[in-house]
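We did not get these values from a lab; they are worked out from the coordinates using the rules stated. These numbers come from a predicted model, not from an experiment. Methodologically, a virtual Cβ is constructed for each residue, glycine included, from the backbone with ideal geometry; neighbour enumeration extends over all protein chains shown.
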């Protein structure tokens, strides 16, 4: 009998070796006598380098090389602008090693190669640099204002890019509105903060002219392309491998970090392998941040709370450079209306430079910022109209019969217009309201207030554009010596269980167990085409490609088995690793046997393959050994290219208690309803959602990059940048909904970012609800006890 | 002691080892690179994330906050030492797998050490509450799982060890 | 983040260690538990010439939970004190405070004396030493002296130790049977530095407070006795009004420190709440038959 693996809580193939400590993360990669790199990074946010002297460092025992921008030849120039945009007026990307001016604290200035990291750091200490401080601007509003210090010369108002998008008739909507609600929302800076920092290692085989690079990246194919281009090497001579990666969260999809160019180049130049492992302090100063946006939103609405128009003007802080383009801002702009109809939209984003670490996507990638803005605005509107905030949401949710729902004029991260394809938004809202106990909450809250306790209920709806193109591919192959199934795809894994979920897809098609399937991701030599893992796309895009390839293998297996068993293909079934006549156990041939038979051989190198040689019965037929159009082997390669993104959705709600004496907040209960279409593995999906929620809690109440006005990052440490631990994250009740997407054969949507999107919005909503007696308005995250204290004090000063 | 170099003799995962190393060599680097025990991971080198947690003389400790020299004469157990020799998983490891308590796996060895200590220090507890477990694990940071499944794994391990000891 | 080069010395005896300190002064830093020193070395914020490891010297890890006081040596680990039965009965505020210090893995290696020598303004152990009227023994090659808690902590991360001195013992007087003590703090996450904290030790005489010691920590450059609050409590009936008045008086200890983390106004309100809660808990414990 064939077992159905898709949809099951299958335990992971990858766990045993990771639990035993046998993972191979970047620093575990075995290299032959490597040099170790360390970087001199700018201590200043903005300064001219007037003198740099590396002689003492070069002379230090154990040091092989010390390089500045003058020593790196073809690498000395701005890195590529990864994702260009027609409205990008003033793109600026950084050089691998700064020339003349540094623009953020942490920017790389020089690199040391030495016998070990300890010695390399000693040498970095010996590099002498004189700086002439230049004016610094850290606050994005100040940076965008007239007269602000210039982060880069010749960039007016420090503005890299302005994009204006609209649909419907916003002017009319606002002119005819019964009420216009205005709100301003601020999201402060955070970062992905994976547990494994970044790292790059490279080894150059001069004789073969081959470069091998290990990079803790989400995008080895992109890295390979860049290295080939920069180093003048052909693609088939450069192999980039993402080994086990200890978390990515978007931080590791950004290219080209300076180290990703310098380390491979160094290996070629010096002729010895080179390794660089980022330390945690460096990570704070040299791996990208995200989240800072300031939204000024207006909602035009009828007296009944129907939102007819939305205007949003927002500033997006891109940091000192804009290597990843405006992806984060673009996604925020496209998601600002959330799951709501709002037929007329008018959104302008402004990407602005500041003297801070550059910005590129972090789980959510603009969606958390958009969600916070629209959700709090909807609640503000409801309050102004004297309507129930859940009812106002309900009245505006896109209904099931309105799909596909287009927002023409809004171009999503895939270059396509926004089309919400499917979902059951109202049903999800109902499910959450029921599960969190909304109906009885007013009474619960009143009773608590009578006891002097301040509890509040917060809720946020979200949508998540997922599974964007351009494409991914996969090869599925039955190995003829082991009978195991090998799967290879070009994108990568940072804990999302691809070795299991992809195996489940294949297992169903080929009638094997997921533990019989070996999945390789992230090695350009194993599969050389594709894009990367980001934006909740891997399951959708690679998953569908894998499904197609597995289906093709299945069809070939049946075709071949029909020949081998002299049976009609219609009478055959695939199960238990074999193709057999339906209902028979003996009239069968294993996938391994078929794999052998599908590769016509002259030489029998073991007993099994004798069956495939020219004189063996399997090949007794009239035609040529390898028929026209057929390929040898039981394998297939297939591709999937989505026409458009598919949109997941959900609603989270929580009840919190604010202790107004200490201003601390704790969760009392948390419910999450999410819909990512069909789930390959609910256990894995839960892990993704829960992990996202924890990061969302961080962004709501704990995590904040504390930049001083001088551009110095005050808290480049996990001691003072507060990532939530098990103690700070509440237990979560998860409800799965599955509204399959019509857009891909598997009916799946992405879920990687879902958990992180609504949490800051719901936390703000909950705290505001708890502190309603004080008249507190929450418009900024993260909150903290001292901020809550200030909010209460401010609200008390203003009479209700 | 000559400038820079020390001889460190200790027991690691039950085996006696002796190495010469630098006085400033961190225990985390010593275990990983001098002894080739790569299962202990380095996440921060300031003692906060817990990824490098090992057992020193039976107690959890951050390997990044010890000099190798300080481990002279000590009995150190790493994740490799918490793993059975026969290729199977320990009961605790099996619970982690069942509960999906790991995603990328980078923080996992540190969590195993912390969970191991919790279970060892309270041998008679049949279960820990959700809140107790979270407090006990609050010294280890995970960015992937959101913790719920790790908490479940540890509680499962506590319950299961008693089920096995006294089958119904 | 790797330590800078230094000369590693493992002292075989306390005398050796003191001779080393006499020779090098501040250029030699003592390594006890390492939980404060190693992060500094890894960040290269500390660049000592000599790191003097006390861990191999015998006899430095004394732990004596006598009737009058709990006494510890230079290498006594926090976790050992935290889990000691007699410490729990004789000086319960000490294990209560230790449970708030970072996490078990840190307390397994970290030492009580090391935490005192660190003199973190938000540290629980300096506050408890001050609240109990404790002292340390400071030794050098030239001799030894006792430094009372009041004289030990002079500024954030600064003690009154001389350049050639090491703390070799710390004594925490037991409040005695019938006393009630409590520590209350607010930290962002479990084990983090306190934004503010209070230690209260009360002796009861019927329904009146016979004696009170109250320390605020995390709110100024060092932990501070709230003398005015103590004076208001001494001899007063133990009512919520009296405790509220004391809490109000305790606010005088709050200074502007690290306002990014917590504003002065917030710290004041927070401290008032924490003092009230500490007093309530301490008073309840004077009533309890078994020390909770």
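Below is a table of values for the structure above.
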item: For chain B, projected area of the alpha-carbon convex hull averaged over all directions, nm²; result: 10.2
item: Compactness of region C:2-96 as Cα Rg over 2.2 N^0.38 Å, two decimals; result: 1.27
item: Rounded if a/c under 1.5, otherwise prolate or oblate - region A:480-598, Cα gyration tensor axes; result: prolate
item: Sequence of A:294, A:792, A:505 once ranked by neighbouring C-beta atoms within 10 Å, starting from the fewest; result: A:792, A:294, A:505
item: For region B:91-165: rounded, prolate or oblate by the Cα gyration tensor [a/c cutoff 1.5]; result: prolate
item: Protection proxy ranking of A:761-768, B:26-33, C:98-105 - average other beta-carbon atoms within 10 Å, highest first; result: A:761-768, B:26-33, C:98-105
item: Relative contact order (percent, whole number), chain C, Cα cutoff 8 Å, 6+ residue spacing; result: 16
item: Fewest-first ranking of A:353, C:8, using other Cβ atoms within 10 Å as the exposure measure; result: C:8, A:353
item: Rounded Å value of the spacing that divides the Cα centres of region A:576-604 and region A:349-422; result: 53
item: Region A:190-249-region B:57-76 distance, computed between alpha-carbon centres (Å); result: 34
item: Percent RCO, i.e. relative contact order, over chain A, from Cα pairs under 8 Å lying at least 6 residues apart; result: 15
item: Antiparallel DSSP beta bridges within chain A, as percent of all bridges there, nearest 5; result: 80
item: Value of [θ]222 nm, deg cm²/dmol, for chain A, DSSP H segments ≥ 4, -39500 (n - 2.57) each, nearest 500; result: -8000 deg cm²/dmol
item: Beta bridge orientation in chain C: antiparallel %, DSSP, nearest 5; result: 85
item: For chain B, calculated [θ]222 nm from helices alone, where every DSSP H run of n ≥ 4 adds -39500 (n - 2.57); result: -8500 deg cm²/dmol
item: Chain C - mean residue ellipticity at 222 nm from DSSP helices (-39,500 (n - 2.57) per run, n ≥ 4, rounded to 500); result: -10000 deg cm²/dmol
item: GNM result for chain B, Cα springs below 10 Å: residue of B:145, B:88, B:11 fluctuating most strongly; result: B:88
item: Cβ-based exposure ranking for A:626, C:271, A:230, A:771, in which fewest neighbours within 10 Å come first; result: A:626, A:230, A:771, C:271
item: Peptide C:104-114 - average C-beta neighbours from other chains (10 Å radius); result: 6
item: Rounded to 5, percent antiparallel among DSSP beta bridges of region B:5-82; result: 90
item: Cα gyration tensor shape of chain A, rounded if a/c is under 1.5, else prolate or oblate by comparing a/b with b/c; result: oblate
item: Mean-position separation - Cα centroids, region C:196-231 and region A:702-770, in angstrom; result: 40
item: Region A:530-615: relative contact order as a whole-number percent, Cα under 8 Å and 6+ apart; result: 16
